[in-house]
Amino acid sequence: MTYSVRDVEVRAAQAEAEIASASPDALEGLRVKFLGKKGEITAFLRSLGEVPASDRAALGQAANLARERVEKALSERRETSGAQPTAKAGFDPTLPGVHGYPGTRHPISHTMEEIVRIFERMGFVVADGPDVETDYYNFEALNFPPDHPARDMQDTFFLGGDLLLRTHTSPVQIRSFQKRTPPVKIVAPGRTYRNEAVNARSYCLFHQVEGFYVDTNVTFGDLKGVLGSFARAYFGADVRMRFRPCFFPFTEPSTEVDIGCFLCAGKGCSLCKFEGWLEIMGAGMIDPEVFRHVGYDPEAVSGYAFGMGVERIAMLRYRITDIRLLFENDVRFLKQFRG
Ligand SMILES: [Zn+2]
């Protein structure tokens, strides 16, 4: 094939004119005609090896320029004609459409709201407090003196100065008592933190629902009555309950509350570790020392407090065996809950 620089320029100009007036559907055919493997402009480039060495540089430059002109003409025409060759090639109208997934509430949110709703029906009012607390609200006012060994049970993340991430929702008690005078009847849901080794049973972040009631003549019998009503409302009318003596710095006496295992009905299974009972919360009568910190007269008022871990309740309820699943946000896990 012999040709001159002029031949290349003329062919490029003809190609530009042809492309500029082409319909969108014809553009792909024109691209093949000029720039395809056997295209006319491609042929100029391919045959450079055959032309005399003296002409090669000038012809090579002309052929490359011609290819650029044709490419530019094609893309300009695609834009002005509204043709979308690539999108068109990738669209398959026979495929099913993309369905929207409406989503569900997280099992922790759902569990927490359900618990709170039961206590609201019994006259408790919702209150909350900050996640970042001072040592005073998280420990000292709740009768954890500095250097008291009870603090070892609740290691947390210290933020410098006096600040820390709260280890329980109990600081809401102090904040509420400072603002109100008895009777005070509050339920406080919220996020809490502990510096714990992360494994299937514990996590550095979890949620609690705290409840407390202070008035004249509040007794342990009132506490048992309220917690019994809660257990029946949440776990079913035939649930069994027991109280075990325990120690918390801010209640005296203190108790842990168990319910009869609903999976094995007390016979023993892996859920209850073959004990027949499941621990669901801690509770007790508010220690007079806490009342002194907030200016209440321990001789005039009395009250109870209880607190439960929302993850623990959700794990029992939904038979979740690894707490980390609740924080990984794996959609395959979360989709199973229709809260
Ligand atoms: Zn069991």
| said: For the range 235-257, give me each residue that is out of contact with any Cys (no Cβ under 9 Å at 6 or more places or on another chain) and surrounded by 18 or more Cβ atoms within 10 Å (Cβ to Cβ). | reply: Phe235, Phe248, Pro249, Phe250, Thr251, Val257
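If you go through the range 232-245 one residue at a time, how many are more than 16 Å from the ligand (Cβ to nearest atom) and either of a type in the set (Ser, Thr, Tyr) or within 22 Å of Met285 (Cα to Cα) (or both)? Steps first, please.
Of all residues in the range 232-245, those more than 16 Å from the ligand (Cβ to nearest atom) come to 232-234, 237, 243-245.
Imposing the further condition that a residue be either of a type in the set (Ser, Thr, Tyr) or within 22 Å of Met285 (Cα to Cα) (or both) reduces the set to 232, 234, 243-245.
Matching residues across the range 232-245 total 5.
Say whether the condition of being open to solvent by 70 Å² or more (accessible area, probe 1.4 Å), touching an Asp or Glu at 6+ places or on another chain (Cβ under 9 Å) and not hydroxyl-bearing (Ser, Thr, Tyr) is met by at least one residue in the range 96-106. Full working, then the answer.
Step one: list which residues in the range 96-106 are open to solvent by 70 Å² or more (accessible area, probe 1.4 Å), which gives 96, 98-102, 105.
With the extra rule that they be touching an Asp or Glu at 6+ places or on another chain (Cβ under 9 Å), the set shrinks to 105.
Checking which are not hydroxyl-bearing (Ser, Thr, Tyr) leaves us with 105.
Checked against the condition, which is being open to solvent by 70 Å² or more (accessible area, probe 1.4 Å), touching an Asp or Glu at 6+ places or on another chain (Cβ under 9 Å) and not hydroxyl-bearing (Ser, Thr, Tyr), the range 96-106 yields at least one hit.
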| request: Tell me which residues, restricted to the range 296-315, are touching a helix residue (DSSP H, G or I) at 6+ places or on another chain (Cβ under 7 Å) and part of a helix (DSSP H, G or I). | output: Val310, Glu311, Ile313, Ala314
| remark: Given (1) β-branched (Val, Ile, Thr); (2) surrounded by fewer than 21 Cβ atoms within 10 Å (Cβ to Cβ); (3) out of contact with any strand residue (DSSP E or B) (no Cβ under 7 Å at 6 or more places or on another chain), Val301 misses just (3)
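I need the full set of residues from the range 246-277 which are within 16 Å of the ligand (Cβ to nearest atom), assigned to a strand (DSSP E or B) and either of a type in the set (Asp, Glu) or at pLDDT below 90 (or both), in order please. Lay out the reasoning, then the answer.
Here is the first cut: in the range 246-277, the residues within 16 Å of the ligand (Cβ to nearest atom) are 258-277.
Now restrict to residues that are assigned to a strand (DSSP E or B): 258-260, 277.
Within the range 246-277, just Asp258 meets the criteria.
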| Could you list, in sequence order, the residues of the range 216-228 that are in contact with a strand residue (DSSP E or B) (Cβ under 7 Å, 6 or more places away or on another chain) and open to solvent by less than 40 Å² (accessible area, probe 1.4 Å)? | Val218, Leu223, Leu227, Gly228
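Kindly evaluate Pro189 against the criterion of being touching a helix residue (DSSP H, G or I) at 6+ places or on another chain (Cβ under 8 Å) and open to solvent by 10 Å² or more (accessible area, probe 1.4 Å).
Values: touching a helix residue (DSSP H, G or I) at 6+ places or on another chain (Cβ under 8 Å): yes; open to solvent by 10 Å² or more (accessible area, probe 1.4 Å): yes.
Answer is yes for this residue.
Does the range 155-173 contain at least one residue that is open to solvent by 40 Å² or more (accessible area, probe 1.4 Å) and assigned to a helix (DSSP H, G or I)? Even if it seems obvious, please write down each step before you answer.
If we filter the range 155-173 for residues that are open to solvent by 40 Å² or more (accessible area, probe 1.4 Å), which is where we start, we get 155, 157-163.
Those left that are additionally assigned to a helix (DSSP H, G or I): none.
The answer is no; no qualifying residue exists.
Going residue by residue through the range 291-303, is there one that turns out to be within 16 Å of the ligand (Cβ to nearest atom), of a type in the set (A, V, I, L, M, F, W, C) and modelled with pLDDT under 95? Give the derivation first.
In the first step, residues of the range 291-303 are kept if they are within 16 Å of the ligand (Cβ to nearest atom); the result is none.
No, because not a single residue in the range 291-303 is within 16 Å of the ligand (Cβ to nearest atom), of a type in the set (A, V, I, L, M, F, W, C) and modelled with pLDDT under 95.
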| query | Under 6 Å by Cβ, and 6 or more places apart or on different chains, what pairs join a residue from the range 272-286 that is on the phi > 0 side of the Ramachandran plot with one that is near the ligand (Cβ under 8 Å from one of its atoms) and open to solvent by 10 Å² or more (accessible area, probe 1.4 Å)? | reply | Phe274/Gly268; Gly276/Gly266; Gly276/Gly268
| message | Can you pull out every residue in the range 212-245 that is within 25 Å of Thr167 (Cα to Cα) and assigned to a strand (DSSP E or B)? | response | Phe212, Tyr213, Val214, Phe243, Arg244, Pro245
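The values are calculated or read from the model by the stated rules, or taken from the named source; none is laboratory data. Source: prediction; values computed, not measured. Neighbour counts are summed over all protein chains in view; Cβ atoms, including those assigned to glycine, are modelled from backbone coordinates with ideal geometry. The area values use the complete protein model at the heavy-atom level, side chains included, leaving out ligands, DNA and RNA. Shrake-Rupley method; radii C 1.70, N 1.55, O 1.52, S 1.80 Å.
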